[in-house]
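Read through the structure below, which is laid out as structure tokens, and then see the notes.
The values are calculated or read from the model by the stated rules, or taken from the named source; none is laboratory data. Keep in mind the model is a prediction, meaning the values are calculated, not measured. Here the Cβ is made from the backbone with ideal geometry for all residues, glycine too, and neighbour counts use every protein chain on show.
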Amino acid sequence: MKRGTLTAAIATVSLALCSMASGATIMDLGDVAIQGESGANTFFYIYKTGGGTLSWDSSNLVVPVDVSNYGYTVTYFTPQTLVNTGDKLTLSLTAKVSAVSSSSSAFRVALLDSNDVRVTENGTGTTAYRSDDFNNYLGYAAYCRANNGTAGSGEAFYLRNKSYPIITASGAVTAVTGSPTINNLNATADTNFTYAMSIEKTASGVQVSVNVNGQGWQSVDPGTAYTTFDTASIFLMGNTTMTLGSMSVDFVPEPATMGLLAAGLGGLAARRRRR
């Protein structure tokens with residue numbers, strides 16, 4: 001290979017590695033589909049009673065929930081595994097609810113591994129909202145409430161580690177040891193809030209963190225139970241309708257490895273130039 005060609009190739013690969021180090025978007029709301037549409041990442045909606053169907057309001061995804069019942073979305077993305085210390089997966093969203101219940105307004109987000117068992121259609125009704133397809137889903141969930149006031153003791157980080165036909169029901173989870181209480185969203189009807197849930201492999205275990213409107217909480221699962229993820233789910237109860245303005249899942253690899261690779265390629269290019 002000619003020197004100029006090799007140098008250009010090294011530069012191209014180096015730039016690509018630097019880009020990888022800054023992260024890659026695995027799923028974006030602008031690219032998803034709902035049932036009946038074609039798309040790489042399909043949103044499915046599972047609800048008990050009083051719900052409806054997912055719909056689009058321009059580029060916003062509308063998720064209807066009856067105030068006295070609950071529903072949850074499920075969407076899938078290309079499996080991502082946290083291999084090295086510093087590898088990180090983040091689900092970010094901007095949303096609003098049309099009404100906030102003063103008593104029961106659960107808002108739960110989960111990042112999970114489906115173990116290659118994926119639902120293929122919406123589910124509704126007193127039995128269809130429970131699916132055996134979810135029995136083997138494993139991962140982490142963050143529980144909080146949308147309403148104002150003091151958070152309850154159950155608003156915390158959980159391992160989704162039990163066989164159960166509802167993704168984020170109490171029968172499906174075990175609290176992460178030492179988890180802090182996650183404050184309420186303090187949402188206001190028809191006003192956007194921002195939310196991000198991250199899972200990062202650290203030297204001491206898997207760190208799960210949540211940031212709501214700039215306020216954050218985190219906890220470490222020292223058992224490093226789960227490191228592969230391909231599923232995102234949002235559970236709603238007591239919030240009449242949620243409108244997702246944006247939502248994405250991003251994977252950021254451990255930066256030192258990418259940096260060393262890029263630096264090595266840069267050094268090779270410099271050595272070629274000195275010749």
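Tell me whether the stretch 54-61 contains one or more residues that are modelled with pLDDT of 55 or more, assigned by TED's automatic domain parsing to the domain that holds SER92, surrounded by fewer than 17 Cβ atoms within 10 Å (Cβ to Cβ) and not in a strand (DSSP E or B). The answer is yes; a qualifying residue exists. Note on the stretch 197-219: residues that are buried (at least 20 other Cβ atoms within 10 Å of the Cβ) and either in contact with a Pro (Cβ under 6 Å, 6 or more places away or on another chain) or among the aliphatic types (A, V, I, L, M) (or both) amount to 6. Would the stretch 151-164 turn up any residue that is surrounded by fewer than 23 Cβ atoms within 10 Å (Cβ to Cβ), assigned to a strand (DSSP E or B) and touching an Asp or Glu at 6+ places or on another chain (Cβ under 7 Å)? Yes, some residue in the stretch 151-164 is surrounded by fewer than 23 Cβ atoms within 10 Å (Cβ to Cβ), assigned to a strand (DSSP E or B) and touching an Asp or Glu at 6+ places or on another chain (Cβ under 7 Å). A count restricted to the stretch 108-133 and to residues that are modelled with pLDDT of 90 or more and closer than 30 Å to THR194 by Cβ stands at 8.
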